[in-house]
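This report refers to the structure that appears directly beneath it.
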Amino acid sequence: MNVFELPDFDGHEQVVFANDPKTGLKAVIAIHNTHRGPAMGGCRMWKYVDTQAAVTDALRLSRGMTYKNAMADLPIGGGKAVIIGDARTDKTPELMLAFGEAVERVAGRYITAEDVGSSPADMALVREKTRFVAGLGGELGGRGDPSPATALGVFVGIGAAAKHRLGADSVAGMTVAVQGLGHVGYDLARQLHAAGARLIVTDIHADNCQRAAAEFGAKVVGPDEIYDVDAEVFAPCALGAIVNDKTASRFKFKIIAGAANNQLATDALGEHLKSAGILYAPDYVINAGGIIKVCAEYFKEPAEQVEGRVRKIADTLTEIFTSAASRGANPASVADEMARARFSA
Ligand code: NAD
């Protein structure tokens with residue numbers, strides 16, 4: 001494997017391989033860009049098929065963080081760590097302590113946090129070895145789960161999209177299809193219901209759907225039926241790549257705006273959605289509420305400022321939609337361009 005020649009290598013500043021035979025730690029810390037500040041991004045623990053898959057994921061995710069953090073106007077760059085292993089069977093306190101030492105050795109150029117396969121409890125262990133960690137529990141000065149902030153960002157982002165695409169001042173009376181009722185999706189559904197939207201929901205766990213039906217009067221459909229429903233807005237809050245060659249031709253939506261990362265399977269789909277008259281809210285712009293909260297925690301900014309910053313996601317999206325419309329471009333490519341201008345300086 002030649003890291004510099006992997007398709008996902010994008011001029012990354014630094015890629016660190018951390019190895020600790022005593023605890024079994026094998027981790028990759030990828031620092032994409034630090035022009036705006038130290039790189040921040042979560043630590044993913046995953047059973048990768050091989051080392052190259054882990055490196056590829058670290059490269060791709062760290063690059064994504066640079067774009068997300070720049071568009072959220074945060075004083076941080078983009079980085080990500082991946083630990084190779086099964087979080088359910090391979091994770092031990094010693095392994096997380098060794099990961100903390102690895103983060104410490106990068107000397108503040110990378111700040112870690114929780115992600116898929118890691119938790120605030122793991123970050124508390126990391127904190128024993130390094131101060132370059134965020135996303136901690138309340139007992140360590142952390143501010144808890146970032147998901148409600150993410151859900152708020154998506155909610156105001158849907159509002160901005162509805163205004164731009166449909167001239168609507170609120171989501172009242174609109175139908176929103178929510179895919180995935182987890183930490184973000186359920187809270188989003190709650191906010192949409194409170195604002196008067198009708199909901200169509202799906203989740204692979206039937207109990208989540210039943211709760212949403214009982215609490216919000218949501219109509220429940222099967223996981224594959226969500227792509228065909230009659231709704232103005234589709235809010236993907238489960239998986240990536242749900243806008244793909246198989247699903248895109250089925251959509252009757254006017255807007256796609258949700259929390260999931262990497263919603264477009266390929267860049268070309270951004271152009272396809274535009275041609276189909278579907279307004280796409282770039283995922284890393286609309287789902288930045290969580291990192292805004294985690295970043296404020298790390299820099300010890302007043303908690304009251306977080307909501308205002310998250311609400312600004314609506315303004316950023318409006319700027320992207322307006323610029324895209326005036327240039328006949330698609331919002332995904334406009335967001336990429338704006339982000340690059342912000343982090344390349
Ligand atoms: P979560 O794991 O709590 O929820 C995901 C939900 O999706 C679960 O209820 C799961 O059962 C459901 N699901 C999985 N596969 C599905 C399928 N095929 N069809 C329908 N439902 C399915 O995750 P989360 O924290 O709510 O995050 C949701 C998405 O948003 C993820 O893509 C995540 O990467 C992204 N995101 C989350 C945050 C955050 O603050 N939590 C921040 C940025 C981005």
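The values are calculated or read from the model by the stated rules, or taken from the named source; none is laboratory data. Predicted, not measured: the structure shown is a model, and the values here were computed from it. Because the Cβ atoms are built from the backbone with ideal geometry, glycine has one as well, and the counts that use them run over all protein chains shown. Just the protein is used for accessible areas: all its heavy atoms, side chains included, with ligands, DNA and RNA removed. Shrake-Rupley method; radii C 1.70, N 1.55, O 1.52, S 1.80 Å.
Check whether at least one residue in region 261-268 is within 30 Å of Arg131 (Cβ to Cβ) and either out of contact with any Pro (no Cβ under 9 Å at 6 or more places or on another chain) or buried (at least 24 other Cβ atoms within 10 Å of the Cβ) (or both), and report yes or no.
Yes.
Considering only residues that are outside any helix (DSSP H, G or I), of a type in the set (A, V, I, L, M, F, W, C) and more than 16 Å from the ligand (Cβ to nearest atom), which ones fall in region 135-168?
Across region 135-168, the qualifying residue is only Ala168.
Give just the number: which of (1) farther than 18 Å from Gly77 by Cα; (2) part of a strand (DSSP E or B); (3) not charged (D, E, K, R) does Tyr48 not satisfy?
The failed condition is (2).
If you go through region 209-221 one residue at a time, do you hit one that is closer than 23 Å to Pro331 by Cβ and outside any helix (DSSP H, G or I)?
no
Identify, from the list Gly240, Gly222, Gly159, the residue that is among the small types (Gly, Ala, Ser), under 30 Å from Met123 (Cβ atoms) and touching a residue at least 12 places away in the same chain (Cβ under 8 Å).
Testing whether each residue is among the small types (Gly, Ala, Ser), under 30 Å from Met123 (Cβ atoms) and touching a residue at least 12 places away in the same chain (Cβ under 8 Å) leaves just Gly240.
I want to confirm something. Restricting to region 220-242 and keeping residues that are touching a Lys or Arg at 6+ places or on another chain (Cβ under 8 Å) and open to solvent by 30 Å² or more (accessible area, probe 1.4 Å), which single residue is nearest to the ligand (Cβ to nearest atom)?
Within region 220-242, the match that is nearest to the ligand (Cβ to nearest atom) is Asp228.
Considering only residues that are of a type in the set (Gly, Ala, Ser), closer than 21 Å to Glu319 by Cβ and assigned to a loop (DSSP other than H, G, I, E, B), which ones fall in region 230-282?
Ala257, Gly258, Ala259, Gly277, Ala281
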